[in-house]
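One structure is given here, and the rest of the page talks about it.
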């Protein structure tokens, strides 16, 4: 082998060529390594990959701090909508995992006892997961929104293979309760954020939504958090919204709608209660409706009838033509006219009593709700001037409410026939909120008040008021004198000299208002439906008549049961109890003696003895107690008021047993479920006839109860 001599000073070293090559190779290798490290130190990249970012991704973690959606509250601060913790259920089907489903049939049967899903469907899903070698299966909507009680019951059952994931859902404690007004929010597809889908939840979604925060931190090789590396960006909760809605009045309204639905089984129902002076909406509801908690009734109607329902109102509209005629100086209550019919360009339009009532006074004509009189008054005012009055009353344009899709209605004024039929509430269309707004002008010396339902929107962190709803005058529609004279005339329409509409009279209050019976458009054949009693029947009333505090507008469309009653008694079964309970709740003085309602004040009795709770000893209050102890743990309501014959729910210490709820209204049965954190389902309408959990049953792990309801009407 060739050798190379290398002289180093006085010494000579002999190296073979191979050894030299090895040394050179090692040197080149170290040079390359040094160059590579230098390159990495300077450029911090390898194969176009950012090594700093790669290291950061490997050891850095980010946790999401979830921002809460703002609460929706009633005028007293009671929660109508809020976020709550719920659970999503999954079943592990991978047999390699220690905690997995071992017996699909047994697991399905155990689950079906607690969640609302058939055992056969659960078993099928588990078996599909096993066959497809999936790690886990979920149960769709039925496996989501699992309540805390259901979760505890499932865990206590020790069913193998169950896992729970915490999630946030929107909670509506009152169920079907101003549902189209409040709306609902749920997580959208592919999103973990609650998004408003309907009603105020949608209209104010941007303000109600919270903003998530983050916590950034670094972990070491062993998975421990490196001290001092965490950076927290706190979440921002959404703004809180307070409404003008009063939960007690809303409760009365929902009860009345249930009564009307049971009696008439109509196509549609609506009711609204407003403060006559300020225009605040105190309650609003409709049928069909839905329960945002259970999703029962979803899809039956998405229309918010208060703002988006446009219809021909019928004779209730006559009060605005009357007000216009009085303001124009052409209405004399003692003047006379020939009733029965009126000719319009060769078309004869009749009164509802085609023969009429002979030659009668204007006031008598208004009491009889004469169409002929309204057309005479329109001619006296002048068609152009009458159209201007209607527009001043707010018809033909939105009220400018909190809802972006509010309907404007239409003033049909294209030809003489349309103009004349508009005078008695046909052809032209209105919305309930327009009718309420117009009525405020008559009851407030001609000053029309803008209705509103949002009292305030407040930043939940700072308390800053982002929006303030308040009483406001839209315009002066008629003179103060004309408004007072109009009100005097309307005050004769119930129980006046002609004894019309006596069914709307109350024992303790003088009620005034105008009834209406409107023909309904045939959606299939065009024109108006002509079957017996195929009407939209309504009443817009106020009380007390001398100093109005409350306006109630009530309507029922196309009854399918007890049809004749829509003509004989109108909406009395719903209107009367709603108006009376509202007036008594508001402590409005009675007609004759200025008496006030016998209201029982309710404080907070938590921790006190049952005997110390004033409502429990009141003769006019029904008290339902869960528990056999003396000390009160919780009760409903708190810091509120109860009217005679309302229910006071109490939970005491000791063994909790199911009470007998026979005779409670549907609303009270649902209220009991919310109070006890139990899922409630109902069958039928009316009052509790039977219950799935027998009275006296220990309530340990019971998470759901079903009530069968029926009417208390002996004729049913």
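Distance in nm between label sites at residue 530 and residue 158, each 7 Å beyond Cα in the beta-carbon direction?
The answer from the label model is 7.5 nm.
Pull out a ≥ b ≥ c, the square roots of the eigenvalues of the alpha-carbon gyration tensor of region 69-209, then state rounded if a/c is under 1.5, prolate if not and a/b is larger than b/c, and oblate in the remaining case.
Numbers: a/c = 2.80, a/b = 2.26, b/c = 1.24.
Since a/c reaches 1.5 and a/b is larger than b/c, the shape of region 69-209 is classed as prolate.
Determine, for 97, 184, 87, 554, the number of other Cβ atoms within 10 Å of each Cβ, and report the residues in order from fewest to most.
Numbers: 97 13, 184 23, 87 19, 554 29.
In order of increasing Cβ crowding within 10 Å: 97, 87, 184, 554.
Measuring from a point 7 Å past the Cα of residue 468 along Cα-to-C-beta, which residues in region 67-100 have an amide N at less than 19 Å?
75-77
Return the percentage of antiparallel bridges among DSSP beta bridges fully within the chain, rounded to the nearest 5 %. Spell out each step's value before the answer.
On the way: 104 of 117 bridges.
Within the chain, antiparallel bridges account for around 90 percent of the total.
Taking 0.36 nm per residue of sequence separation and subtracting the Cα-Cα distance, how much length would be gained by fully extending the chain between residue 76 and residue 567, in nm to one decimal? Before the final figure, lay out the partial values.
Working: separation 491, 0.36 × 491 = 176.76 nm, distance 3.84 nm.
Computed gain between residue 76 and residue 567 is 172.9 nm.
What label, among [x] 36.0, 128; [y] 30.2, 113; [z] 35.9, 150, belongs to Rg and Dmax of the Cα atoms in Å computed from the structure on display?
[z]
Once Rh for region 336-440 is found with the Kirkwood sum over Cα pairs, what is the Stokes-Einstein diffusion coefficient at 4 °C and 1.567 mPa s, in µm²/s? Present the calculation step by step, with values, prior to reporting the outcome.
Details: Rh = 14.8 Å.
After rounding, the answer is 88 µm²/s.
Rounded to the nearest 0.05, what FRET efficiency do residue 499 and residue 623 have when you use their Cβ-Cβ distance and R0 = 51 Å? Spell out each step's value before the answer.
Details: r = 43 Å, r/R0 = 0.83.
Here the calculated transfer efficiency is 0.75.
Most exposed first by the Cβ proxy, i.e. fewest other Cβ within 10 Å, how do 671, 241, 529 rank? Mind dumping the intermediate values first?
On the way: 671 22, 241 26, 529 14.
Ordered by Cβ neighbours within 10 Å, fewest first: 529, 671, 241.
If you take the square roots of the eigenvalues of the alpha-carbon gyration tensor of region 508-615 and sort them as a ≥ b ≥ c, do you get rounded (a/c under 1.5), prolate (a/b over b/c) or oblate? The partial results should precede the final answer.
Details: a/c = 3.78, a/b = 2.11, b/c = 1.79.
It comes out prolate by the Cα gyration axes.
Given the rule -39500 (n - 2.57) for each run of at least 4 DSSP H residues, summed and divided by the residues of the chain, what is its mean residue ellipticity at 222 nm, to the nearest 500 deg cm²/dmol?
Values: 21 runs with 203 residues, N = 716.
Rounded to the nearest 500, the figure is -8000 deg cm²/dmol.
Within 10 Å of each residue's Cβ, count the other Cβ atoms and sort 361, 348, 429 from fewest upward.
Values: 361 16, 348 10, 429 22.
Listing 361, 348, 429 from fewest to most nearby Cβ atoms yields 348, 361, 429.
To the nearest 10 degrees, how steeply does helix 247-264 sit against the main Cα axis of the chain, on a 0 to 90 scale?
70
Taking the Cβ-Cβ separation of residue 355 and residue 116 as r and a Förster radius of 45 Å, what is the calculated FRET efficiency to the nearest 0.05? Show your work: numbers first, answer last.
On the way: r = 60 Å, r/R0 = 1.32.
The calculated FRET efficiency here is 0.15.
So for the pair residue 130, residue 301, with labels modelled 7 Å out along Cα→Cβ, what separation do we get in nm?
4.9
Nearest 10 degrees, 0 to 90: what angle lies between the long axis of helix 383-392 and the longest principal axis of the chain (Cα atoms)?
For helix 383-392, the angle is close to 40 degrees.
Compute the angle between helix 432-443 and the longest alpha-carbon principal axis of the chain, please, reported from 0 to 90 degrees and rounded to the nearest 10.
It works out to around 50 degrees.
Return one quarter of the surface area of the convex hull spanned by the alpha-carbon atoms of region 247-585, equal to its mean projected area, in nm². Before the final figure, lay out the partial values.
Details: hull surface 72.2 nm².
Mean shadow area of the hull around the Cα atoms is 18.0 nm².
Treat each spin label as a single point 7 Å out from the Cα along the C-beta direction, and report the residue 609 to residue 88 distance in nm.
Placing both labels 7 Å beyond Cα along the Cβ direction yields 5.2 nm.
Suppose the chain between residue 645 and residue 233 were pulled fully straight at 0.36 nm per residue; how much longer would it get relative to their current alpha carbon spacing? Before the final figure, lay out each step's value.
Working: separation 412, 0.36 × 412 = 148.32 nm, distance 5.18 nm.
Full extension from residue 645 to residue 233 adds 143.1 nm.
For region 600-710, what D do you get in µm² per second when you plug the Kirkwood radius from alpha-carbon pairs into Stokes-Einstein at 20 °C and 1.002 mPa s?
Values: Rh = 14.2 Å.
For the chosen part, D equals 151 µm²/s.
Hey, with R₀ at 41 Å, roughly what FRET efficiency would residue 332 and residue 415 work out to, going by the Cβ-Cβ distance, to 0.05? It would help to have the intermediate numbers written out before the result.
Numbers: r = 29 Å, r/R0 = 0.71.
Rounded to the nearest 0.05, the efficiency is 0.90.
Any read-out appearing in this document is the output of simple, stated calculations on the displayed coordinates, not a laboratory observation. Quantities reported herein were computed from a predicted structural model and do not represent experimental measurements. So basically every Cβ, Gly included, is an ideal-geometry build from the backbone, and we count neighbours across all protein chains shown.
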